Amino acid sequence: MLATLAIYAVIIVVFYVLVLLPQQRRQKAARQLVAALTVGDEVVLDSGIHGFISEMEDTVVWVEVAPDVDLKVSRSAIASRLVPDNAGEEES
């Protein structure tokens with residue numbers, strides 16, 4: 001009986017470490033990404049559309065995908081923020 005409980009405990013711990021912890025880390029990273037967005041950032045939406053943030057509201061972001069073409073999307077629809085190639089480099 002004690003051995004069976006120990007096996008179940010080990011299975012639960014392994015499940016937590018392999019499944020739940022990585023998911024929690026991804027969710028935390030997504031929340032930090034959305035919180036750090038600013039107007040002018042180049043972003044990629046979940047759908048794969050690339051654009052620049054032109055305006056931000058509480059739960060909505062306006063993304064310019066072409067000149068005079070703005071999409072109104074939910075903040076949670078932003079998958080990633082693109083960093084310019086020359087970010088961090090100093091001009092000489």
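The values are calculated or read from the model by the stated rules, or taken from the named source; none is laboratory data. Values in this document were obtained by computation on a predicted structure and should not be read as measured data. In this analysis, Cβ positions are derived from the backbone assuming ideal geometry, glycine residues included, and neighbour counts consider all displayed protein chains.
Points to keep in mind about this one:
- Against the test of being surrounded by 10 or more Cβ atoms within 10 Å (Cβ to Cβ), under 27 Å from R26 (Cβ atoms), modelled with pLDDT of 90 or more and of a type in the set (S, T, Y), the options S80, S54 yield a single qualifying residue, S80.
- Within the set L5, L33, L45, the sole residue that is exposed (fewer than 10 other Cβ atoms within 10 Å of the Cβ) and hydrophobic (A, V, I, L, M, F, W, C) turns out to be L5.
- Against the list (1) more than 16 Å from L82 (Cα to Cα); (2) touching a residue at least 40 places away in the same chain (Cβ under 8 Å), the condition L20 fails is (2).
This table checks each residue for (1) modelled with pLDDT of 95 or more; (2) part of a helix (DSSP H, G or I).
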residue	(1), (2)
T4	no, yes
I12	no, yes
Y16	no, yes
L21	no, yes
Q24	no, yes
Q32	no, yes
D58	no, no
V63	yes, no
V73	yes, no
